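A quick write-up on the structure given underneath.
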């Protein structure tokens, strides 16, 4: 039966010809290979987000009067609704985590070198889009924590010179965070961001496919030593099966977290209540949050916030263009990039830890 | 360049006409792009909300607040903070933190106004005294009219 389907396809599309490259495709195998699973796991978690997101759409209602109640309904009335929402929240957080780990592993294994500069850039765009997913999705349950986090987050956008005010009104759908903001964020979260992400994800995967998986320079040097050859494994089925095992482990971790630590809902947002103590954004914004918290109101003659936002924007831009400073992956630039990577990792980890420990 | 059997057309008389056609086409495309983009950009910005624009609001009733406590009241679309100080005096201020737009609260234990988001502190006159807030809170006038506590926006503010 399967053979007949294959024949049918082969006669019409030249199936055998189409999958021939896949049969020949090989993937480098070495002692750092495991780091390269992080990208695939991020992709897997993204697919879970698409699936669970569609399930949540069956019951979620995006208006200030109904959003909180509809999520409450999903979690208390709908069969396994609590699990679907918990998986969506947990997978979102794990996906950001694996995306960050993927980024740092690419940096430290110097996989961004020529010709893979654009793979890095498209990956960075995907990371920013993921943060956009996180920020817009955080508001959707319309709870107190999310309401004030959104107020602060959008107000930070207002610090951007010249277009800041315009940007805030665009994001909020008005001067204040209201039901209009919820409507917009819902649109961003389920239509705009998925559309853009699909394009960049396709590009990212296409580039990975085109250039193959990078071999770290240190491994490359060892392979040039006499008597040592390149070790490659077949993509199909060897690599694919390993990758699927990694996904299966990820699914196990996700299932355990979602089932044993169901995501909380909190209390419904009230625009006319003071911000409660312990207000905080998602953990992946914490390092920025903590930095803004620690900056004094005025530094010299510039507003502390403005300076903070400008520094983060400049750092982000440099980070995006990182491979262009070191296209060959050698020389002095390489040490600067390594230093920048270690500094960024230390800063993000340190500030995040500090934010959770300090009151 | 001159491959055999190919007729070279004189370039000079054609060029201006071609440039003119290109200009028309390019200009037309640009004009249509602008005529699409302008409404799109205007559409992205919501119409201004009908703020009833009242400069006066009834913030509460006498006896509603205990001494050394505060409450949030609606001032148009924004929150305001009404405080009855430990000395029994009413104060009213904007409740929107000047730092990043959170809603502040009165802390009876500190006798100060506190923002939970980034630990900003203001004194009872709304002056920013510690933490990240860059500016003081806008202070309002408070009058007691019968049983009602009336809050006015200050003129020229």
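The values are calculated or read from the model by the stated rules, or taken from the named source; none is laboratory data. Keep in mind that what you see is a predicted model, and the values were worked out from it rather than measured. Neighbour counts are summed over all protein chains in view; Cβ atoms, including those assigned to glycine, are modelled from backbone coordinates with ideal geometry.
At a glance:
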item	result
Residues located in the stretch A:146-172, provided they are more than 10 Å from every other protein chain (Cβ to nearest Cβ), surrounded by fewer than 20 Cβ atoms within 10 Å (Cβ to Cβ) and part of a helix (DSSP H, G or I)	A:157, A:164, A:165, A:167
Candidates B:128, B:152 - the one that is within 11 Å of chain A (Cβ to nearest Cβ), closer than 24 Å to residue B:87 by Cα and under 23 Å from the mean Cα position of the chain (by Cα)	B:128
Every residue from the stretch B:76-97 that is assigned to a strand (DSSP E or B) and either more than 10 Å from chain A (Cβ to nearest Cβ) or at pLDDT 90 or above (or both)	B:79, B:80, B:81, B:82, B:83, B:84, B:90, B:91, B:92, B:93, B:94, B:96
Among residues of the stretch A:26-40, those that are in a loop (DSSP other than H, G, I, E, B) and modelled with pLDDT of 90 or more, counted	0
Selection count where residues are touching a strand residue (DSSP E or B) at 6+ places or on another chain (Cβ under 9 Å) and more than 8 Å from every other protein chain (Cβ to nearest Cβ), scope the stretch B:98-118	8
Residue match in the stretch A:57-68 (condition: farther than 20 Å from residue A:258 by Cβ and assigned to a helix (DSSP H, G or I))	yes
Qualifying residue in the stretch B:86-98 (condition: crowded, with 23+ Cβ neighbours inside 10 Å and without any contact (Cβ under 8 Å) to a residue 40 or more places away in the chain)	no
Residue that is more than 9 Å from chain A (Cβ to nearest Cβ), modelled with pLDDT of 90 or more and part of a strand (DSSP E or B), where the choices are B:121, B:137	B:121
Sole exception among (1) away from chain B (no Cβ under 14 Å); (2) surrounded by 12 or more Cβ atoms within 10 Å (Cβ to Cβ); (3) not in a helix (DSSP H, G or I) for residue A:328, by number	(2)
Candidates A:71, A:128, A:50 - the one that is assigned to a helix (DSSP H, G or I), surrounded by 20 or more Cβ atoms within 10 Å (Cβ to Cβ) and modelled with pLDDT of 95 or more	A:71
Checklist (1) away from chain B (no Cβ under 13 Å); (2) assigned to a helix (DSSP H, G or I); (3) in contact (Cβ under 8 Å) with a residue 60 or more places away in the chain applied to residue A:141, failing item	(2)
